[in-house]
Amino acid sequence: MLQLLHIENIAIIERADITFEAGFNALTGETGAGKSIVIDSMSAVLGQRASRELIRTGAGKAFVSACFTDISPALMEELGIEPDEELLLQREIHADGKNVCRVNGRPFTVTQLRALGNRLLNIHGQHDGQQLLDEEQHLMYLDAFGRMDGLLEQYRAAYEDLQSVTRQIRSLQMDEAEKARRMDTLRYQIDELERARLQSGEEDELMSRRNFLRNSEKFISAVEGAHFSLNGDDGSYGALSLVRQAQDFLAPIRMLDDTYAQLYARFDQLYSELYDLAETISDQRDSFDFSPNELDDVESRLDQLYRLKKKYGPTVEDMIAYLERCRGELEQIEYAGDTLLQLEKQQQKARKAAQAAAQALSDARKAASAELEKQILRELQQLDMGKIRFSVAFEAQELAENGMDSVRFLMSANLGEELRPIHKIASGGELARIMLAMKNVLSEQDQVGTMVFDEVDTGVSGRAAQKVAEKMARISRKKQVLCVTHLPQLAAMADTHFSVEKGEANGRTYTKVLQLDRQQRREELARLTGGAHVSEVMLSGAEELLLGAETFKKSLI
């Protein structure tokens, strides 16, 4: 369960520590006091999207931490976290968009934090009821309830095999005229590329050769000058001869003194290096072999490659790859008849496999729908909707990504009325209660220990509000419940009651969260009932609400 929520510099909350208890925790306060900011802070520390706009004006960063207790060691091991008595989630949100996340002191990414948060706490917002109006979501709810992940994964694998074969067949199916046009195009492109005799790496070699030919006079002059300087000619000595001559002058005295012996040896090394340089320069000089027309030939070949690249790819390697694809496609079209026969057999086999997987998924869904209807109706009876009828309607469809079923929820709110789509007949209060029933049923399928309800009682009042409060109390006996509410019936039913209050100091707005004792709860309930002017009658009514809630909760033990 969530034990402690610590908030720093989130919107108008400068600093707050909220210690939650097991059971039913309620948060109340005036509209705009900051109740939703508490929920936003929970979302942030659980890895959900958090805008930098959340950061309090003037602060460089915001910080939220959440301490969870009573986490099963098996779940912690499954999540790759060292088992511990407590699980501490932390998140810093910086003004430059940077996020720093930690779990028990270890760095986590936002994605990892979100995956972990989804296993610890569920937040149900005041607009969740609107999701029931989207019939595309109904199949998702049913699959979540029936735990269809395995069957759905098997079906999707079979469906993708069928789609893959179907795509191959479509690519081969064309009329004769289109086939002839395509084959003519492919043959022309293949012929043009084959006549070009493309070679990998050819373009780089040609560009290097062109650079040399354009500057050949400079290359020849430089190499000839270097050759003359090293080797000389009949009328003068080159560097090689002069170095050897200098070494010979030192030869008679090298045995008389170590210094001259070292100098003699250095001349020997220098001569060897110069000799090697002279041989290299000679090789370069001898390699100058080109015809007067070679530059034109190189330019012409590069121009040919340029024109081909505009049609077939940015590099010679890309054009060679394109040529291979054209050859393969031409061969495929030429032998399309044989290939189609093989693919059609594969398609029949793949369709049978997909149909079988879809049927297994559909059968499981229908079995789960009967149980879902039963559990939803039981929940709705507890929410003062005993006369409602709820049904899961199936309609067959062509195989699609999610199977062969089109699913939508139908209901009848009054006796004698036929079942109709929810969006056509459900009021706001009915939507809120149906969603609450749905969330409670689905929560029994997972291991999440904490459920957060953010004003899910919108549109509910009177007797229905009391039934929603009783439902929250029942849920809180199995899971920790945190509820933001404006209804005195829900607040009275809480085991722990917090008041979110907004104030001003030093020209700034501040929000604080206070845990209320019994007398303070009585006053807060009277305020929720009657507004700013609290009378003794309202206080008596609040006391009556508290006593009634205490009596009801004792009956749950």
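Taking every residue in the stretch 40-54 that is open to solvent by 60 Å² or more (accessible area, probe 1.4 Å) and pairing it with any residue that is assigned to a loop (DSSP other than H, G, I, E, B), at least 6 positions away or on another chain, the pairs with Cβ-Cβ distances below 6 Å are ARG52/ALA95; ARG52/GLY97.
Kindly indicate whether GLU329 is of a type in the set (Asp, Glu) and modelled with pLDDT of 90 or more. So GLU329 fails the test.
Among residues that are open to solvent by less than 30 Å² (accessible area, probe 1.4 Å) and among the basic types (Lys, Arg), LYS471 is included.
For the stretch 508-522, filtering for residues that are surrounded by 15 or more Cβ atoms within 10 Å (Cβ to Cβ), farther than 13 Å from LEU547 by Cα and modelled with pLDDT of 85 or more leaves 6.
Contact map, the stretch 84-110: residues that are in contact (Cβ under 8 Å) with a residue 60 or more places away in the chain and among the charged types (D, E, K, R) paired with residues that are in a strand (DSSP E or B) and open to solvent by less than 90 Å² (accessible area, probe 1.4 Å), Cβ distance under 6 Å, separation 6+ or inter-chain. Pairs shown: GLU86/CYS67; GLU86/THR69. Please determine whether any residue of the stretch 255-274 is open to solvent by 90 Å² or more (accessible area, probe 1.4 Å), of a type outside the set (Lys, Arg), under 27 Å from GLU205 (Cβ atoms) and assigned to a helix (DSSP H, G or I). Scanning the stretch 255-274, I find no residue that is open to solvent by 90 Å² or more (accessible area, probe 1.4 Å), of a type outside the set (Lys, Arg), under 27 Å from GLU205 (Cβ atoms) and assigned to a helix (DSSP H, G or I), so the answer is no. Looking only at residues in the stretch 1-39 that are assigned to a loop (DSSP other than H, G, I, E, B) and open to solvent by 40 Å² or more (accessible area, probe 1.4 Å), which one is nearest to HIS497 (Cα to Cα)? This residue is GLU21. Filtering the stretch 353-381 to residues that are closer than 14 Å to GLN154 by Cβ and open to solvent by 70 Å² or more (accessible area, probe 1.4 Å) leaves GLN355, GLN359, ASP363. Tell me, yes or no, whether the stretch 289-297 has at least one residue that is open to solvent by less than 100 Å² (accessible area, probe 1.4 Å), modelled with pLDDT under 90, touching a Phe, Trp or Tyr at 6+ places or on another chain (Cβ under 9 Å) and more than 30 Å from TYR188 (Cα to Cα). Yes, that holds for at least one residue. The set of residues in the stretch 392-404 being in a strand (DSSP E or B) and either farther than 22 Å from ARG420 by Cα or open to solvent by 30 Å² or more (accessible area, probe 1.4 Å) (or both) consists of PHE394, GLU395, ALA396, GLN397, GLU398, LEU399, ALA400, GLY403, MET404. Checked against the criterion of being open to solvent by 40 Å² or more (accessible area, probe 1.4 Å) and out of contact with any Asp or Glu (no Cβ under 7 Å at 6 or more places or on another chain), the candidates ALA492, ALA505, ALA549, ALA542 yield just one match: ALA505. Number of residues in the stretch 68-87 that are out of contact with any helix residue (DSSP H, G or I) (no Cβ under 9 Å at 6 or more places or on another chain) and more than 18 Å from ASN118 (Cβ to Cβ) equals 4.
With respect to being at pLDDT below 80, aliphatic (A, V, I, L, M) and crowded, with 17+ Cβ neighbours inside 10 Å, LEU139 falls outside the description. When the stretch 232-252 is filtered for residues that are outside any loop (DSSP other than H, G, I, E, B) and open to solvent by 60 Å² or more (accessible area, probe 1.4 Å), the ones remaining, listed by number, are ASP233, TYR237, LEU242, ARG244, GLN245, ASP248, PHE249, PRO252.
Does ALA144 satisfy the criteria of being among the hydrophobic types (A, V, I, L, M, F, W, C), open to solvent by 20 Å² or more (accessible area, probe 1.4 Å) and at pLDDT 80 or above?
Criteria met by ALA144.
One residue stands out in the stretch 149-162 among those that are touching a helix residue (DSSP H, G or I) at 6+ places or on another chain (Cβ under 6 Å) and not polar (S, T, N, Q): the one that is surrounded by the most Cβ atoms within 10 Å (Cβ to Cβ), namely TYR155. Reported count of residues in the stretch 416-446, each being modelled with pLDDT under 75, assigned to a loop (DSSP other than H, G, I, E, B) and surrounded by fewer than 16 Cβ atoms within 10 Å (Cβ to Cβ), is 5.
The values are calculated or read from the model by the stated rules, or taken from the named source; none is laboratory data. This is a predicted model, so every value here is computed, not measured. Glycine also receives a Cβ, built like all others from the backbone with ideal geometry; neighbour counts cover every protein chain displayed. The accessibility values were calculated without ligands, DNA or RNA, using every heavy atom of the protein model including side chains. Shrake-Rupley method; radii C 1.70, N 1.55, O 1.52, S 1.80 Å.
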